[in-house]
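The values are calculated or read from the model by the stated rules, or taken from the named source; none is laboratory data. Keep in mind the model is a prediction, meaning the values are calculated, not measured. For neighbour counting, all protein chains shown are included, and Cβ atoms are generated from backbone atoms with ideal geometry for every residue, glycine included. To get the accessible areas, we keep the full protein, side chains included, count just its heavy atoms, and leave off ligands, DNA and RNA. Shrake-Rupley method; radii C 1.70, N 1.55, O 1.52, S 1.80 Å.
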Amino acid sequence: MTQKCSLRFNQTHSCLLATSKTGELAVYNCDPFDNCYTSDINEGTISFAEMLFATSLVATVGPLNINNTLRIINTRKNTCICELNYKNSILDVRMNRRRLIVVFLTHILIYDVSCMKLIQRINILTNNKSKDNDNKNNNNNNNTNSNDESLICALSASNSSVLAYQQIPSKSHGYSDEEDEYGEEDEEGEMGIDVSRSNDEFNDDSDVSTVYSRNNNDNKSKHQTGSMIVFDTIKMQPISIINCHKNALAVCALSNNGVLLATASIKGTLVRIFNTRTSKKILEFRRGSLPARIQSMSFNNDNTILGCSSNKGTIHFFSIPNNIAELGVSNDSDVDMMYSSTQSDDSIDNSQHSEFPKASTLTTDELEEVRNLIDRADNTSNKAQKSFDKSHSKARQISSLLWNRYKQYLPDTINSLVEPLRDFSCIKLSSKRNELVKIGIVDRTCYVVTSSGKLLQYTIPKPIQGKDQSSQNSTGLQNCIFVTESQF
């Protein structure tokens, strides 16, 4: 069994992409479990990849430890449709039916998936820019784990194509170790968005912030804030800036239409959900009292369940009220209205934009192949999990009993601050501590994948809704039901 260095689900959590330390990519179908594709490592090693729903269109990044080459491949024909080479390392890649997002240390590039044409560049760092040599830039980038320790970002799966990415401060400054309560004040530093479309901007890939070059060995949290910027990749304009946490962000997740944003900081004690249209916090959950590194986060199809996995081998599930969950459900009429109010992709004057990097355009056959793959997109531990040990469960029941007895004497505003909602269900894995664990939720089925090569399937109990949700702290956790385990 080969140790996995990168794990990622597709947008519908129906397929799993895994890369090994030797640079081999494998694609698996989750239910039923089956190997769909395995790359030929002789053609070039792969660090991580992004799949377009359940199609055979996959974006791969490599080679290992360099990560400056992006390939769009057809896994069914085992052919490369397009290859782009960059000067600097790619930190992350996200894709939906309309946009391909390529993330670098200092900027983000937005491509039109249907023709692989660069249509926008977002400068993440706008201050203290200096043109250092490319070798120094690449060395800095290579010290970052491209798939798990990169800039935090997410792209909505629907055609609304909302991008959320972590704000980088113009000046490096530290943050306290304690998790703050959510506030309305803006973080120090500017928004950091430069949406200039000049050809000079597109052809210059050598800018890098001196903040990163001088502090390469410093802790990540000193350079990144707990704020996120939400960007509309269809209208090409920022939507909002959200101050999520005081500590640096660890992970985030977007609902299907990009309206709901879930975040967790590097402390990992609180999970928050925001409305990206209003920048307001609408829900807060407590994962636990002790710090933990949250490794992945996922909404289910109808946004009634939010799950998160941590480096402690635990997976927590939180219940989202129906009135909030409905905000994250795509509305086709809203999407059509948005498309009618903005310029279509076909009407963009491509003469105003230059390819980045310079490369030959796709042939007619290649364009047809990409569009056909997009059109065919499919929208579609061996026992029952027990609760935590008896001592922990008993202590939790006693604390809940005392709280329920005395909270009546406190104002409602204090109650909401002191008592965030807890998880209604939890999974305790038998995997090693600090093992990489990623999750994907489909309806009430949770797929759990570990870096040791295990794919576990659980059935999540029905979420607690309404008035009964307030009593979940005292009633204890509901058990997730183990279904199956597969090795890959």
Just for the range 279-297: of the residues that are outside any strand (DSSP E or B) and polar (S, T, N, Q), which one is modelled with the lowest pLDDT? 289
Going by what's in this entry, would residue 127 be described as at pLDDT below 50, part of a helix (DSSP H, G or I) and surrounded by fewer than 16 Cβ atoms within 10 Å (Cβ to Cβ)? no
State which residue pairs qualify: first residue over 19 Å from residue 300 (Cβ atoms) and inside the range 418-441, second residue open to solvent by 20 Å² or more (accessible area, probe 1.4 Å) and not in a loop (DSSP other than H, G, I, E, B) in any location, beta carbons under 6 Å apart, and separation of 6 or more residues or different chains. 420/284; 420/286
Assess whether residue 100 counts as being farther than 28 Å from residue 123 by Cβ, among the aliphatic types (A, V, I, L, M) and modelled with pLDDT of 95 or more. no
Subset tally (residues that are over 30 Å from residue 35 (Cβ atoms), small (Gly, Ala, Ser) and either outside any strand (DSSP E or B) or modelled with pLDDT under 65 (or both)) for the range 398-457: 3
Does residue 94 count as open to solvent by 10 Å² or more (accessible area, probe 1.4 Å) and within 18 Å of the chain's Cα centre (by Cα)? yes
More than 29 Å from residue 162 (Cβ to Cβ), touching a Ser or Thr at 6+ places or on another chain (Cβ under 9 Å) and crowded, with 20+ Cβ neighbours inside 10 Å: is that true of residue 39 in this structure? yes
Can you confirm whether residue 258 is at pLDDT 95 or above, surrounded by 18 or more Cβ atoms within 10 Å (Cβ to Cβ), out of contact with any Pro (no Cβ under 6 Å at 6 or more places or on another chain) and under 19 Å from residue 155 (Cβ atoms)? yes
